[in-house]
Amino acid sequence: MTHPPALRYVSTRGAAPTLDFAGVLLAGLADDGGLYVPEAWPAFAPDLIERVRSMSYVELATEVLTPYVVPSIDADTLANLLADAYATFDAPDVVPLVPLWARLWLAELFHGPTLAFKDIALQPVGRLFDEVLSADDRHITIVGATSGDTGSAAIEAVRDRDHIEIFMFHPAGRVSDVQRRQMTTVMSDNVHNIAIDGTFDDCQDLVKALFADTSFRQRRNLSAVNSINWARVMCQVVYYVWSAGQLCGPGGPAAGQTASFSVPTGNFGNVFAGWVAARCGLPVERLVVGSNRNDILARWLSGGTLDLEAVHPTLSPSMDIQVSSNQERLLFELWGRNGARVAESMATLRSTGHLSFDAGVMADVRERFDGARLDDDETLGIVTEVYDRLGMLVDPHTAVGIGAAQRCDVPGDGPVVCLATAHPAKFPDAVASATGVHPALPERLGDLFDRPERYVELPNDLGIVRDHIDATGR
Ligand SMILES: *Cc1c(COP(=O)(O)O)cnc(C)c1O
């Protein structure tokens, strides 16, 4: 039996060293400011879609992800690590598929420890970090800032990992009680929560200042687990194959048909994973990009230009984003993997706030992608509609995906899978205002308000924060 050559990774800006998986995992962003992508796309086995219904989620994930991680991590180690990661989910099949109405289905991505889809990638990625670091007994310190939604996913990802220490800053008194408690009730020795007397921007500025302090950065081996990390994107490819296989594989409710997906989109990581699945051989009809009022991508798909605007706060805060950083990976492909062109275009977009695309490129894009935008009222309208029709509660992000699927005229008659990215109890106020029903936390978090909390409150002062990390870090 021959082994395929190990996959290497290249930067979308073409001027950074080529790395293996371990290198890409630890680097996050490439040296030239670009994002790493595989040098070549590994094809799925031709019969994969037919086998999905007889596989567990972990078996499927192992098969899909192995080509991306060997030889940094071998297939058996990967399989064990994925089994451990997805054992933290409270749905036995990890990503359940639930029918809505007509062609619409929900893929529930929110059964992980923090009730949002970030867990699907971050649970394996925390373990992948630990695995790669332990190979040569290295230790890193992760520092991050959160406005509430993403801090807990990062904390849950690395809790109890031997080679990782995490310090998470949140603005004191400015995150919800549920959000704070999801972070501060984690009692692991390597988890440190700091409430900063200031705003979310102050927290982010502290993180930037710590990274800019070279001696501190080197002393503590500072790192981040940000959403541009290739390892996070690759883990998301799996549930596209899973969903299509469950529905369209032999014996499935839409056997022999071709699935489409509707994706509530912020940084474009999730929907780009759908593009990767299609690129590697999964039959996919359309990828629908759902936007909230921050609709740069929906405007791009209809008008062929990217135009930056100020960020507007909405009921779907995880999608309140000005520049969707993972879109760069798609642009790299659209422009024939011309890194210099990507670098130049990104610089133009940053400096002028505008980038236009020629008609040929947009025609290619529209063969695969469609997009729609929902404002907050329209989003709440979908939450109400789902409740009225099915008695089911959906969160505002998921509602954007469902609404976008309804607004776009998806060709064919195959199933349209709407990705449910957060549990309704994660955004209880919006859900209650649309339905009159206050969504209950799932059982695993039922005692969240009885658990002890642990965090320190510090002033917005770089010296004090730095000293605290030096004094308390292992
Ligand atoms: C992060 C997030 C999104 C956006 O995903 P991207 O990969 O950034 O496009 C959507 N919904 C929820 C609940 C999220 O946490």
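The values are calculated or read from the model by the stated rules, or taken from the named source; none is laboratory data. Remember, it's a predicted structure, so these values are computed and weren't measured experimentally. Glycine also receives a Cβ, built like all others from the backbone with ideal geometry; neighbour counts cover every protein chain displayed. Please note that ligands, DNA and RNA were not included when accessible areas were found on the heavy atoms of the full protein model with its side chains. Shrake-Rupley method; radii C 1.70, N 1.55, O 1.52, S 1.80 Å.
Residues in segment 413-444 that are over 17 Å from GLY290 (Cβ atoms), within 16 Å of the ligand (Cβ to nearest atom), in a loop (DSSP other than H, G, I, E, B) and at pLDDT 95 or above: HIS423, PRO439.
Is there any pair linking a residue in segment 44-64 that is outside any helix (DSSP H, G or I) to one that is of a type in the set (D, E, K, R) and surrounded by 17 or more Cβ atoms within 10 Å (Cβ to Cβ), with Cβ under 6 Å and at least six apart or on different chains, and which? Every condition considered, no pair remains. If the condition is being of a type outside the set (Val, Ile, Thr), in a loop (DSSP other than H, G, I, E, B) and within 16 Å of the ligand (Cβ to nearest atom), then segment 100-137 contributes LEU109, PHE110, HIS111, GLY112, PRO113, LEU115, PHE117.
Residues of segment 172-189 that are over 17 Å from ARG451 (Cα atoms) and either more than 23 Å from the chain's Cα centre (by Cα) or among the hydroxyl-bearing types (Ser, Thr, Tyr) (or both): ALA172, GLY173, ARG174. You will find that of ASP295, ASP370, ASP320, the residue that is at pLDDT 95 or above, of a type in the set (D, E, K, R) and closer than 23 Å to ALA430 by Cα is ASP295 and no other. Per the listing ALA83, ALA61, ALA6, the residue uniquely over 22 Å from the mean Cα position of the chain (by Cα), aliphatic (A, V, I, L, M) and either under 29 Å from ALA135 (Cβ atoms) or surrounded by 21 or more Cβ atoms within 10 Å (Cβ to Cβ) (or both) is ALA6.
If you check ASP31 against the conditions, is it within 25 Å of ASN226 (Cβ to Cβ), out of contact with any strand residue (DSSP E or B) (no Cβ under 7 Å at 6 or more places or on another chain) and charged (D, E, K, R)? It is true that ASP31 is within 25 Å of ASN226 (Cβ to Cβ), out of contact with any strand residue (DSSP E or B) (no Cβ under 7 Å at 6 or more places or on another chain) and charged (D, E, K, R).
In the set (1) assigned to a helix (DSSP H, G or I); (2) within 16 Å of the ligand (Cβ to nearest atom); (3) more than 30 Å from SER302 (Cα to Cα), ASP388 fails one condition alone, (2).
Need at least 1 residues that are touching a Gly at 6+ places or on another chain (Cβ under 6 Å) and open to solvent by less than 60 Å² (accessible area, probe 1.4 Å) per element, so show me which helices (runs of 4 or more DSSP H) inside segment 285-384 make the cut, counting only ones lying wholly within it. Quick ask: steps written out before the conclusion?
Working: elements: 296-303, 327-334, 339-352, 359-368.
It comes to 296-303, 339-352, 359-368.
Looking only at residues in segment 14-40 that are among the charged types (D, E, K, R) and in contact (Cβ under 8 Å) with a residue 24 or more places away in the chain, the one that is farthest from ILE140 (Cα to Cα) is GLU39.
Among the residues making up segment 419-474, those that are surrounded by fewer than 19 Cβ atoms within 10 Å (Cβ to Cβ), hydrophobic (A, V, I, L, M, F, W, C) and within 30 Å of GLU385 (Cβ to Cβ) are ALA425, ALA432, VAL437, ALA440, LEU441, LEU448. Filtering segment 156-171 for residues that are small (Gly, Ala, Ser) and either open to solvent by less than 10 Å² (accessible area, probe 1.4 Å) or under 19 Å from the mean Cα position of the chain (by Cα) (or both) leaves a non-empty set. Here ALA259, ALA231, ALA273 are screened, and the one residue that is touching a residue at least 24 places away in the same chain (Cβ under 8 Å), in contact with a Gly (Cβ under 6 Å, 6 or more places away or on another chain) and open to solvent by less than 10 Å² (accessible area, probe 1.4 Å) is ALA259. Restricting attention to segment 234-281, the residues being aliphatic (A, V, I, L, M), in a helix (DSSP H, G or I) and more than 16 Å from the ligand (Cβ to nearest atom) number 4.
Taken over segment 223-233, the criterion of being within 16 Å of the chain's Cα centre (by Cα) and either more than 20 Å from TRP300 (Cβ to Cβ) or away from the ligand (no atom under 16 Å from the Cβ) (or both) is satisfied by ALA224, VAL225, ASN226, ASN229, TRP230, ALA231, ARG232.
Quick check: is even one residue across segment 203-217 β-branched (Val, Ile, Thr) and either buried (at least 22 other Cβ atoms within 10 Å of the Cβ) or touching a Leu at 6+ places or on another chain (Cβ under 8 Å) (or both)? Before you say what the answer is, go through the steps one by one.
Taking segment 203-217 first, the residues β-branched (Val, Ile, Thr) are 207, 214.
Adding the requirement that they be either buried (at least 22 other Cβ atoms within 10 Å of the Cβ) or touching a Leu at 6+ places or on another chain (Cβ under 8 Å) (or both) leaves none.
The answer is no; no qualifying residue exists.
Within the set PRO92, PRO67, PRO124, PRO96, the sole residue that is surrounded by fewer than 24 Cβ atoms within 10 Å (Cβ to Cβ) and in contact (Cβ under 8 Å) with a residue 60 or more places away in the chain turns out to be PRO67. Quick one: ALA310 ticks every box in (1) more than 22 Å from VAL416 (Cα to Cα); (2) within 15 Å of the ligand (Cβ to nearest atom) except a single one, so which number is it? Going through the list (1) more than 22 Å from VAL416 (Cα to Cα); (2) within 15 Å of the ligand (Cβ to nearest atom), ALA310 breaks only (2). Suppose the filter is out of contact with any Pro (no Cβ under 8 Å at 6 or more places or on another chain), more than 16 Å from the ligand (Cβ to nearest atom) and closer than 25 Å to LYS208 by Cβ; does THR141 pass it? The answer is yes for THR141. One residue is enough: does segment 346-360 have a residue meeting the conditions in contact (Cβ under 8 Å) with a residue 24 or more places away in the chain, more than 17 Å from VAL263 (Cβ to Cβ) and among the β-branched types (Val, Ile, Thr)? No, segment 346-360 contains no residue that is in contact (Cβ under 8 Å) with a residue 24 or more places away in the chain, more than 17 Å from VAL263 (Cβ to Cβ) and among the β-branched types (Val, Ile, Thr). Of the residues that make up segment 82-98, is at least one at pLDDT 95 or above, more than 30 Å from PRO415 (Cα to Cα) and away from the ligand (no atom under 16 Å from the Cβ)? Taking every residue of segment 82-98 in turn, at least one turns out to be at pLDDT 95 or above, more than 30 Å from PRO415 (Cα to Cα) and away from the ligand (no atom under 16 Å from the Cβ).
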